[in-house]
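Working notes, beginning with the structure itself.
The values are calculated or read from the model by the stated rules, or taken from the named source; none is laboratory data. Note that the structure is a prediction, hence the values are computed from the model and not measured. With ideal geometry, Cβ positions are generated from the backbone for all residues, glycine too; neighbour counts draw on all protein chains shown.
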Amino acid sequence: MNKTALIVEDEIFVALDLERILTDAGYQVAAIAADRESALEAAGGCQFAFIDINLRDGPSGPGIARTIAQAHGVKVVFVTANPAQIGGAPALAFVRKPFSERTIRAAAALASGDHASARDEGVVLCPVEGG
C-alpha cells in the first residue's frame with residue numbers, strides 16, 4: 001500500500017509539525033508545498049494530501065484539491081481554520097486548526113484506506129461534500 005503524503009501548507013512550522021506526525025506514524029512525505037505550482041509538481045505518486053485553504057498564492061487550496069484529485073487520484077484532507085471556504089472541492093474530510101496529533105493520525109489512516117486505524121483513534125472526521 002502506498003503511504004505517501006503531500007503537505008500543502010505555507011506556514012512552515014505547521015507544515016513541519018504535520019511532517020513529523022506523519023513520519024512518526026510510518027508515512028512518507030513526498031514534499032511540502034506552499035503554493036499551487038509546487039503542489040501540482042509534487043502530487044504525482046502521492047496517495048493523499050493534507051491541504052490548507054489559504055496559501056502563499058491566496059485561497060488556492062480548493063483548486064489544488066480538484067486538480068490533483070482528478071489528475072492523480074490523490075485523496076484530499078483539508079487542514080484549515082476556514083472550513084467554510086472549502087466549497088465543493090473534492091475531499092474525504094477536513095481537520096480544523098489547531099489540530100491534535102491524534103486527529104492527524106486518524107485523518108491519515110482514513111486517507112490511506114486504513115479505516116480500522118482511523119476508528120481506533122476515536123476521532124470522528126467531518127466529511128466534506130464531493131469526497
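General observations
- Test: G73 is on the phi > 0 side of the Ramachandran plot, free of Cβ contacts under 8 Å to residues at least 40 places away in the same chain, surrounded by fewer than 17 Cβ atoms within 10 Å (Cβ to Cβ) and not aromatic (F, W, Y): yes
So that you can scan it fast, the table gives a plain yes or no per residue for (1) over 21 Å from D35 (Cβ atoms); (2) within 13 Å of the chain's Cα centre (by Cα):
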| position | (1), (2) |
| --- | --- |
| F48 | no, yes |
| R56 | no, no |
| P62 | no, yes |
| T67 | no, no |
| Q70 | no, no |
| L92 | yes, yes |
| F99 | yes, yes |
| R102 | yes, no |
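- The residues in region 50-65 that are of a type in the set (G, A, S) and surrounded by fewer than 24 Cβ atoms within 10 Å (Cβ to Cβ) can be counted, and the count is 3.
So that you can scan it fast, the table gives a plain yes or no per residue for (1) more than 18 Å from A108 (Cβ to Cβ); (2) touching a strand residue (DSSP E or B) at 6+ places or on another chain (Cβ under 6 Å); (3) at pLDDT 95 or above:
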position: M1; (1), (2), (3): no, no, no
position: T4; (1), (2), (3): no, yes, yes
position: E11; (1), (2), (3): yes, no, yes
position: A30; (1), (2), (3): no, yes, yes
position: S38; (1), (2), (3): yes, no, yes
position: S60; (1), (2), (3): yes, no, yes
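- For N82, the criteria (1) modelled with pLDDT under 95; (2) over 13 Å from the mean Cα position of the chain (by Cα); (3) farther than 15 Å from K97 by Cβ; (4) surrounded by 15 or more Cβ atoms within 10 Å (Cβ to Cβ) hold in every case but one, which is (3).
- Pairing each residue of region 21-32 that is touching a residue at least 40 places away in the same chain (Cβ under 8 Å) and buried (at least 16 other Cβ atoms within 10 Å of the Cβ) with any residue that is of a type outside the set (D, E, K, R) and in a strand (DSSP E or B), provided the two are 6+ apart or on different chains, yields C-beta distances under 6 Å for L22/A5; L22/V29; Y27/A5.
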